[in-house]
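Shown next, in structure tokens, is the structure this report addresses.
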Amino acid sequence: MGRGTTPTYYLRHTRKCQTRLDSFQNELHAVNVTSRELLKILKSRGCVEVNQEGSHLKIRCGTCTTTVPVHKGEDIGRGLLRAIERQLEPCLGKGWLKRR
């Protein structure tokens with residue numbers, strides 16, 4: 001193998017990893033939700049508003065409780081969205097947000 005050439009097995013592995021990474025990032029970016037849309041989804045699944053302090057709304061779904069930030073026109077960050085999804089999984093089931 002000459003200098004400056006890359007082994008073909010490395011290229012195949014790199015392409016495969018990049019394809020997986022691209023599909024994972026597309027899946028994450030596919031869920032852009034505002035607080036209004038999230039509240040609509042939660043209410044359709046039987047959740048109720050419990051309390052609001054400033055721009056934070058407390059939501060209860062059965063025995064599960066979470067807080068949703070209500071900032072007009074802003075998307076909820078994917079990390080916070082995943083945390084909300086995780087907090088409500090015992091009551092709404094795994095992957096409830098993806099089954100809109």
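Only the coordinates and a few stated rules stand behind these numbers; no lab work does. No experiment lies behind these values; they were computed from the predicted model shown. Heads up, the Cβs are rebuilt from the backbone with ideal geometry, glycines too, and the neighbour counts pull from every protein chain shown.
Here the Karplus curve 6.51 cos²θ - 1.76 cosθ + 1.60, taken at θ = phi - 60°, turns the phi angles of the range 69-76 into couplings of x, 10, 10, 4, x, 9, 6, 7 Hz, with x standing for Gly and Pro. Shown in residue order for the range 44-53 are the 3J(HN,Hα) couplings computed by the Karplus curve 6.51 cos²θ - 1.76 cosθ + 1.60 at θ = phi - 60°: 5, 9, x, 7, 10, 7, 9, 7, 9, 10 Hz (x for Gly and Pro).
For Gln52, the amide hydrogen comes within under 5 Å of the amide hydrogens of Lys58, counting only partners 5 or more places away or on other chains and with H modelled in the peptide plane. Summing charges over neighbours of Thr66, with a neighbour being any other residue whose Cβ is under 11 Å away from its Cβ, gives +1 when K and R count +1 and D and E count -1.
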